[in-house]
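Enquirer: The following block contains the structure, expressed as structure tokens.
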């Protein structure tokens, strides 16, 4: 593997973590075992992002459509999330990782929401990589909620319709103070965004890797970053200057 110091690194990488269930099925294991192995991969990915200088790492942890999965699988996923926060929060905090959560919080049940808030509050002042967890997230839902808030502002006289522009819409999204992803990676060989960061990803580079998420190693991550470094980001005509690793 080439040394990434000689290439460039994106400021913000977003990953669609796909393939936990297929990883387990291929080994004759319950799907829950794939999710558990996937959590280990999350830990490695966060470490790699911090080491190479990525400033924001967004992980698609649980979509707003995932509630339709079997209740036993949803319950296990919720348990894994709670275990991850309770077990890893101290380590992430010690490593200067800041945690952010995006997604619809209005219908979260039980102790999930308090745990997410605790993770955010505990790490709020940290200055290392920001780990953005997309939980109960769907891009169309995010846009719908944003448009609804803007509509209320117009109806109540706080905003004129002609003042609604791209900047105002972006400021109304869950990611208001987070830069758009430079790179979106999806594992498992599937080549679609699946309702993930549709607004924010308008000009993101896309890389699809065949490996299932539990098999997404540091080497595969670095390989994706090297492919990104070879891309020219024109944004409709202009080449975007890239940032050297470590700068």
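Just so you know, all these numbers are worked out from the coordinates, no wet-lab data involved. Just so you know, these numbers come straight off a predicted model, no measurement behind them. Don't worry about glycine lacking a Cβ; one is built from the backbone with ideal geometry, like all the others, and counts go over all protein chains shown.
Enquirer: Which ordering of 80, 206, 212 is given by a fewest-first count of other beta-carbon atoms within 10 Å? The partial results should precede the final answer.
Expert: Values: 80 18, 206 15, 212 23.
Arranged by neighbour count, lowest to highest, 80, 206, 212 become 206, 80, 212.
Enquirer: Okay, moving on. I want the antiparallel fraction of DSSP beta bridges within the chain, as a percent rounded to 5. Can you show the working numbers first?
Expert: Numbers: 1 of 26 bridges.
Around 5 percent antiparallel, to the nearest 5.
Enquirer: Can I ask one more? Give the order of 169, 54, 15 when sorted by the count of other beta carbons within 10 angstrom, beginning with the fewest. If you can, show how the numbers build up before the last one.
Expert: Working: 169 14, 54 23, 15 27.
With the sparsest Cβ surroundings first, the list reads 169, 54, 15.
Enquirer: Could you work out the relative contact order of region 75-135, using alpha carbon pairs under 8 angstrom and six or more residues apart, expressed as a whole percent?
Expert: On the way: 62 pairs, mean separation 28.7, N = 61.
Rounded, it is 47 percent for region 75-135.
Enquirer: Right, another one. Given the Cα atoms of region 135-247, and with Rh set as the inverse mean 1/r over their pairs in the Kirkwood sense, what is Rg to Rh to two decimals?
Expert: Numbers: Rg = 17.5 Å, Rh = 16.5 Å.
Dividing the radius of gyration by the Kirkwood radius yields 1.06.
Enquirer: Evaluate the Debye formula for region 14-71 with equal point scatterers sitting on the alpha carbons, no solvent, and hand back log10 of I(q)/I(0) at q = 0.31 Å⁻¹, in q order, two decimals.
Expert: Per q value, in the given order, log10 I(q)/I(0) is -1.25.
Enquirer: Could you please rank 216, 196, placing first whichever residue has the fewest other Cβ atoms within 10 Å of its Cβ? Each step should come with its number before you reach the end.
Expert: Values: 216 25, 196 22.
Ordered by Cβ neighbours within 10 Å, fewest first: 196, 216.
Enquirer: Helix-only mean residue ellipticity at 222 nm, the chain, DSSP H runs n ≥ 4 weighted -39,500 (n - 2.57), per residue, nearest 500. What is it? Please list the in-between numbers first.
Expert: Numbers: 7 runs with 100 residues, N = 247.
Mean residue ellipticity at 222 nm (helix-derived): -13000 deg cm²/dmol.
Enquirer: Something else about it: Given 37 °C and 0.692 mPa s, how large is the Stokes-Einstein diffusion coefficient of the chain in µm²/s, with Rh as the Kirkwood radius over Cα pairs? Show your work: numbers first, answer last.
Expert: Values: Rh = 19.1 Å.
Result for D is 172 µm²/s.
Enquirer: Now, a different point. Can you compute log10 of I(q)/I(0) for region 43-105 with the Debye formula, treating each Cα as one identical point scatterer, at q = 0.16 Å⁻¹?
Expert: -0.65
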